[in-house]
Ligand code: ADP
């Protein structure tokens, strides 16, 4: 059973999957859904994009490096991203599970995550995929750029992000499918409907 009332302890054995990924193209609504699922499942939502943006804002060394890639719509180099995720997953709050948003996005990152998990005898429980229509996501991203002023939500960068996603990240979906981890959900429904569908998808084994 999935606990939406917040009464069951996180990491309860034999119940819901707790080590999760959420995948989908830029603008699919991963961040919005990740926050909702994390609350319902009482696990941290870990977004590599948010961690990079926090570092850009604080002008850390990592932020300065990441910004040059992000503003062009390119991926930050794998070695940098993998090290960042490895240290985040080692923190105490991630020991009872986590929901990773925006990672892994390359085959090298998939292998790095496999190694991080197998080092502690853990494995992924499910990969949630938001299925969306590409034309609709471009519209959403342009809108978000206007509202939030995200510097990588300009039309040119959005196009490049979608291209990079199609080249490097979309092919990973087949890999998760082969591993029997993939759960596809229609990401074009309303926010509440998508959350409900994601939670329902986690109940199916
Ligand atoms: P979106 O999914 O809309 O592109 P994110 O906030 O997830 O937004 O990511 C923004 C940017 O951060 C990406 O375009 C990329 O430059 C960088 N980034 C985030 N996650 C990764 C990752 N796993 N590997 C490399 N770069 C990443």
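Worth a mention:
Listed here are the residues, each with its yes/no results for (1) free of Cβ contacts under 8 Å to residues at least 12 places away in the same chain; (2) in a helix (DSSP H, G or I).
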| position | (1), (2) |
| --- | --- |
| 51 | no, yes |
| 55 | yes, yes |
| 66 | no, yes |
| 76 | no, no |
| 80 | no, yes |
| 93 | no, yes |
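- Selection within the range 140-171: residues that are assigned to a loop (DSSP other than H, G, I, E, B) and in contact with a helix residue (DSSP H, G or I) (Cβ under 7 Å, 6 or more places away or on another chain). The member of this set that is nearest to the ligand (Cβ to nearest atom) is 152.
- Consider the range 172-187 and keep the residues that are in a loop (DSSP other than H, G, I, E, B) and within 17 Å of the chain's Cα centre (by Cα). The one that is surrounded by the most Cβ atoms within 10 Å (Cβ to Cβ) is 187.
- Condition met for residue 73 (near the ligand (Cβ under 8 Å from one of its atoms) and either in contact with a helix residue (DSSP H, G or I) (Cβ under 7 Å, 6 or more places away or on another chain) or over 27 Å from residue 95 (Cβ atoms) (or both)): yes
- Among the candidates 174, 119, 189, 123, the residue that is more than 10 Å from the ligand (Cβ to nearest atom), out of contact with any strand residue (DSSP E or B) (no Cβ under 8 Å at 6 or more places or on another chain) and under 25 Å from residue 39 (Cβ atoms) is uniquely 189.
Read-outs throughout are calculated quantities, based only on the coordinates presented, and are distinct from any laboratory measurement. Just so we're clear, the structure is a prediction, and the values are computed from it rather than from any experiment. Every residue, glycine among them, receives a Cβ derived from its backbone with ideal geometry; neighbour counts consider all protein chains shown.
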